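Q: Here it is, the structure in full.
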Amino acid sequence: MPAAPSTTVPSLPSPPPFRGRIGCDANSGHYPVPRRYRLHLSPSCPDCLRIAITHSLLGLGETLPVLRLAAVPDGPDGGHRALRPLYEASAHRYPGPAAAPVLSDTWTGRIVSTHPPDILSDLVRRFGGDGPGRPALHPQDRAAEIEAVERLCAHRIGEAAQYAGRADADAAARRTALGSLLRVLDSLERRLAHQDFVLGDDMTAADVRMWVTLVQLDTVHRLHLDAAAVHRIADHPHLWAYARRLAAHPAFGTHLDLDGIARRHHAHCQGLEAAGAAVQIMDWAAHSAGGTAARLHRERPDGFMEPQHALHLRPSGSA
């Protein structure tokens, strides 16, 4: 009997093509100047969603404008047509897809970075500051713990959930992956029963990462799991109460484009849905700040511009 199709389109990872950084002063080349840079984001993409949330938490609307891209990349190579001029201005005849996220420099009309961890770090360290109401997302004494949460979300939640839903995987291997996922959720459940955030009483970058991971778990990975598995995942009341609480925060829920996430997933996924698709863990629209995806597109947070259809770039080298 032929194997059932995988739940995702196989792809070969490639190194990010642009790895510029924002320095601390003019000697760095790229240095922090209000409104010099632009973020190009499609919040249906998990990395873009993390950056959008961080941008809002830091109150960077007036400092670093954001251009919103289509939820589903519209280029023939899987990239965004609107970003193609920017990519080609940055690398002559750039061969790969014009993918988001992008941090661009309006002074040069070129890309600074497309590497999400670097972009997130530069937002916090070069633009974040210590203004009133701004959380300390990357406290130095929690750096190792934040990195550990990053790995946990990527591998023991995201990858485990994806493997547990693979129709072409061995049943025993799927059970092992699900067991690994549930053990992590059990640990988080115990932790969040006694504290407000993943690392204690204060919000950090670990919470941004965890919340986006939980969004993906319920809106994407759940669709390929059986109903019993989804019920076991849902049976973590403190964890999902935490997710609801953050969804109600304007910096989180306002960026949640449920329709866009669904369209992006269906555009790239070749797997069959399982019974878990009918078992929703959380009503994200009801609990999210801003309500529904339709309202999201009408009421944009500070710093977000209309959907980006084309870029008007300065000639290369202009000041």
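Q: Considering each residue of the range 70-91, count those that are in contact with a helix residue (DSSP H, G or I) (Cβ under 6 Å, 6 or more places away or on another chain) and not hydrophobic (A, V, I, L, M, F, W, C), and give that number.
A: 2
Q: With the structure loaded, tell me whether LEU58 is out of contact with any Gly (no Cβ under 6 Å at 6 or more places or on another chain) and either modelled with pLDDT under 95 or not assigned by TED's automatic domain parsing to the domain that holds MET210 (or both) or whether it fails that test.
A: Criteria not met by LEU58.
Q: Please give the number of the condition ARG93 fails out of (1) outside any helix (DSSP H, G or I); (2) at negative phi.
A: Single failed check for ARG93: (2).
Q: List the residue pairs whose Cβ atoms are under 9 Å apart, where the first residue sits in the range 252-272 and is free of Cβ contacts under 8 Å to residues at least 40 places away in the same chain and assigned by TED's automatic domain parsing to the domain that holds HIS221, the second is among the aromatic types (Phe, Trp, Tyr) and crowded, with 20+ Cβ neighbours inside 10 Å, and the two are 6 or more positions apart or on different chains.
A: These pairs meet every condition: GLY253/TRP284; LEU258/TRP284.
Q: Please verify whether ARG156 is assigned by TED's automatic domain parsing to the domain that holds VAL220, under 19 Å from the mean Cα position of the chain (by Cα) and touching a residue at least 24 places away in the same chain (Cβ under 8 Å), treating the condition exactly as stated.
A: yes
Q: Next up: Being without any contact (Cβ under 8 Å) to a residue 24 or more places away in the chain, basic (Lys, Arg) and buried (at least 16 other Cβ atoms within 10 Å of the Cβ) is the filter here, so list the residues in the range 170-212 that pass it.
A: ARG174, ARG191
Q: Which fully enclosed helices (runs of 4 or more DSSP H) of the range 173-275 have 2 or more residues being within 17 Å of the chain's Cα centre (by Cα)?
A: 205-219, 237-247, 250-253, 258-268
Q: Residues of the range 137-154 being surrounded by fewer than 15 Cβ atoms within 10 Å (Cβ to Cβ) and touching a Ser or Thr at 6+ places or on another chain (Cβ under 9 Å), which ones?
A: PRO139, ALA154 - these are the residues of the range 137-154 that are surrounded by fewer than 15 Cβ atoms within 10 Å (Cβ to Cβ) and touching a Ser or Thr at 6+ places or on another chain (Cβ under 9 Å).
Q: For residues that are crowded, with 20+ Cβ neighbours inside 10 Å, assigned to a loop (DSSP other than H, G, I, E, B) and not small (Gly, Ala, Ser), tally how many sit in the range 33-46.
A: 2
Q: With touching a Lys or Arg at 6+ places or on another chain (Cβ under 8 Å) and at pLDDT 75 or above as the only criterion, which of HIS224, HIS255, HIS265 stands out?
A: So the residue among HIS224, HIS255, HIS265 that is touching a Lys or Arg at 6+ places or on another chain (Cβ under 8 Å) and at pLDDT 75 or above is HIS224.
Q: Is it the case that ARG93 is in contact with a Ser or Thr (Cβ under 8 Å, 6 or more places away or on another chain) and among the basic types (Lys, Arg)?
A: When the stated conditions are applied, ARG93 does not pass them.
The values are calculated or read from the model by the stated rules, or taken from the named source; none is laboratory data. Here the structure is a predicted model, which is why all the values come from computation and not from measurement. Reconstructed Cβ throughout: ideal geometry from the backbone, glycine too, with neighbour counts over all protein chains shown.
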